[in-house]
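Here's the structure, in structure tokens; my notes come after.
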Amino acid sequence: MFFSFTLCLNYKDAEKMNIKHLVNVSAGHPFRESIQHALDGDTAVVQLKDVDPEKGLDSTQLYRVHLTGRKSPDYLQQGDILFIGRGYRIFAILVDQDLQHSVAGSHFFILRLKPNKQAVRPDYLVWYINYKQAQRYFSQHAAGSALPHITRTTLENLPVLVPPLAVQERLIKLHQCRLKEKALLEKLIEKKKQLVAGLLDKTLEPYQEDRS
């Protein structure tokens, strides 16, 4: 299984190119002040608290705001990629749902596939950015020492291996299977933990009653 996974990355028909040839990169919405939730806000905002490298985007708790300014906001589209390039966890997530009237905060870069690039899947690019080859590139080119960050130029120059669409699909399916397996194992570990805790409590129960 893992042999096939590695083999796909060395597929003979794969093309290698900088990611700027595949996507347009833009910055998130520039909020001048801290984001305050307004129940009657007309725009939702995706923040760092709403994303996770494995679970993706959680849109259930998005803050809502009233946007001001003359510039029309660049609303997120389904299929956009949000890149987090500041801190010790550099990763990307996919906007896999239709978020109407939503913007990304200023902590993100937004990657949007170019109209003529149907030969690459956005979920494949997300996977590749989070995979060890891209992560190694970011580690080597990160700016800053106290808080590493990836500049826009560094992101745009990320080399990406683009295999045929059929291979991209197999890679994504394999990755999704791995995530599901990990989630099931974590649930199993938690259930075992609760079971052991219950057995320990029952074992100690008679001694606690004697002392009282």
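Of all the listed residues (Leu111, Leu94, Leu99), the sole one being touching a residue at least 40 places away in the same chain (Cβ under 8 Å), surrounded by 13 or more Cβ atoms within 10 Å (Cβ to Cβ), within 25 Å of Pro163 (Cβ to Cβ) and aliphatic (A, V, I, L, M) is Leu111. No other residue among Lys132, Lys180, Lys187 is over 18 Å from the mean Cα position of the chain (by Cα) and of a type in the set (Lys, Arg) apart from Lys187. So which residues in region 58-83 are under 22 Å from Tyr128 (Cβ atoms) and crowded, with 18+ Cβ neighbours inside 10 Å? Once the filter is applied, which keeps residues that are under 22 Å from Tyr128 (Cβ atoms) and crowded, with 18+ Cβ neighbours inside 10 Å, region 58-83 yields Leu76, Asp80, Ile81, Leu82, Phe83. The set of residues in region 18-53 being under 18 Å from Val160 (Cβ atoms), assigned to a helix (DSSP H, G or I), in contact with a strand residue (DSSP E or B) (Cβ under 9 Å, 6 or more places away or on another chain) and not β-branched (Val, Ile, Thr) consists of His21 alone. When each of Asp80, Asp96, Asp58 is tested for being more than 29 Å from Pro159 (Cβ to Cβ), modelled with pLDDT of 90 or more and out of contact with any Phe, Trp or Tyr (no Cβ under 6 Å at 6 or more places or on another chain), the lone residue that passes is Asp58.
From the list Ser26, Ser106, the lone residue that is touching a residue at least 60 places away in the same chain (Cβ under 8 Å), under 26 Å from Ala143 (Cβ atoms) and touching a Pro at 6+ places or on another chain (Cβ under 8 Å) is Ser106.
The values are calculated or read from the model by the stated rules, or taken from the named source; none is laboratory data. All figures in this text were calculated on a predicted structure; none of them were measured in a lab. Methodologically, a virtual Cβ is constructed for each residue, glycine included, from the backbone with ideal geometry; neighbour enumeration extends over all protein chains shown.
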